Amino acid sequence: MTVLTEKMINRWRGILPNLITFSRIVLTLLVNYYIFARFSEIGIPLFLLGLIFFTDYLDGKLARLWGTVSPGGAVLDLLADFFFMFLSYLVLHSFRIVPLWFIFLVFVKFTEFVFTSIYLKRLREGNKVFIFDFLGRLVAAVFYLLPALLYSSYQFSPVLYTFCVNKLTYIICFFALISSADRIRKCLVPIQRE
């Protein structure tokens, strides 16, 4: 392999994960436009949602595999995830599929996560951009998958949809509050020791 080819491969390895993340933003716009414009057609939105989930998996996997993980890529990934969730919930709310309070919860949890990560990173002096906790990851994963579950269950299974809206959203809220309380406690513990 020539030096030029090796440099080109390494360059592509550096930018491909971020290009995949950007594609998720485009896919988010497409799927939400499609849901908004053609609400009852479910095949294409489910396919696009599958691509969104796959690209979310793939960008981080490639960055770790190739050793090209970067703070900028981590921020871009988090923003792409939030953009997907927030826009999807807003579109679903326009059809009265998700309650407004739940969108507020997602926004508050995202904001809390960013600010407590910044603060905890300063305390720990680590090199990671964001500080994750197990329960918070679990809540975020459900936040991320729930738009697809709500949309598809609304179309196919009224019983599952009713469970998601009337039970699952409250269960997620409970765990989100526990995660937030724990993260805020971790931020306050060093202050109390002084």
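Checking the conditions here, which among Phe132, Phe143 is closer than 20 Å to Phe53 by Cα, not aliphatic (A, V, I, L, M) and not in a helix (DSSP H, G or I)? Can you show your working first?
Working: Phe143 fails: not in a helix (DSSP H, G or I).
None of the others qualify; the one that does is Phe132.
Suppose we filter Thr116, Thr111, Thr162 for residues that are touching a Cys at 6+ places or on another chain (Cβ under 6 Å) and open to solvent by less than 90 Å² (accessible area, probe 1.4 Å); which single one remains? Answer to the check: Thr116.
Only one of Phe130, Phe47, Phe104 is at pLDDT 95 or above and under 21 Å from Ile172 (Cβ atoms); which? Walk me through it before giving the result.
Working: Phe130 fails: at pLDDT 95 or above; Phe47 fails: under 21 Å from Ile172 (Cβ atoms).
Result of the check over Phe130, Phe47, Phe104: Phe104.
Selection of region 1-21 for residues being of a type outside the set (Val, Ile, Thr), within 18 Å of the chain's Cα centre (by Cα) and either surrounded by 15 or more Cβ atoms within 10 Å (Cβ to Cβ) or under 16 Å from Tyr151 (Cα atoms) (or both) yields Pro17, Asn18.
Residues Val142, Val129: which one is open to solvent by less than 70 Å² (accessible area, probe 1.4 Å), over 22 Å from Leu90 (Cβ atoms) and not polar (S, T, N, Q)?
Values: Val142 fails: over 22 Å from Leu90 (Cβ atoms).
Unique residue meeting the criteria: Val129.
For region 1-41, filtering for residues that are without any contact (Cβ under 8 Å) to a residue 24 or more places away in the chain, of a type outside the set (Ser, Thr, Tyr) and in a helix (DSSP H, G or I) leaves 14. Tell me, yes or no, whether region 67-79 has at least one residue that is at pLDDT 90 or above and within 21 Å of Ser152 (Cα to Cα). Taking every residue of region 67-79 in turn, none turns out to be at pLDDT 90 or above and within 21 Å of Ser152 (Cα to Cα).
Here are Val189, Val139, Val129: which of them is of a type in the set (A, V, I, L, M, F, W, C) and within 24 Å of Leu29 (Cα to Cα)? Show your work before the answer.
Details: Val189 fails: within 24 Å of Leu29 (Cα to Cα); Val129 fails: within 24 Å of Leu29 (Cα to Cα).
Exactly one of Val189, Val139, Val129 is of a type in the set (A, V, I, L, M, F, W, C) and within 24 Å of Leu29 (Cα to Cα), namely Val139.
Would you pick out the residues in region 39-68 that are over 19 Å from Ala141 (Cα atoms), aromatic (Phe, Trp, Tyr) and open to solvent by less than 60 Å² (accessible area, probe 1.4 Å)? Matches in region 39-68: Phe39 only.
The values are calculated or read from the model by the stated rules, or taken from the named source; none is laboratory data. Note that the coordinates shown come from a computational prediction; the quantities given were computed from them, not determined experimentally. Note that each Cβ is placed from the backbone with ideal geometry, even for glycine, and that neighbours are counted across all protein chains shown. These accessible areas exclude ligands, DNA and RNA; they are computed on the full protein's heavy atoms, side chains included. Shrake-Rupley method; radii C 1.70, N 1.55, O 1.52, S 1.80 Å.
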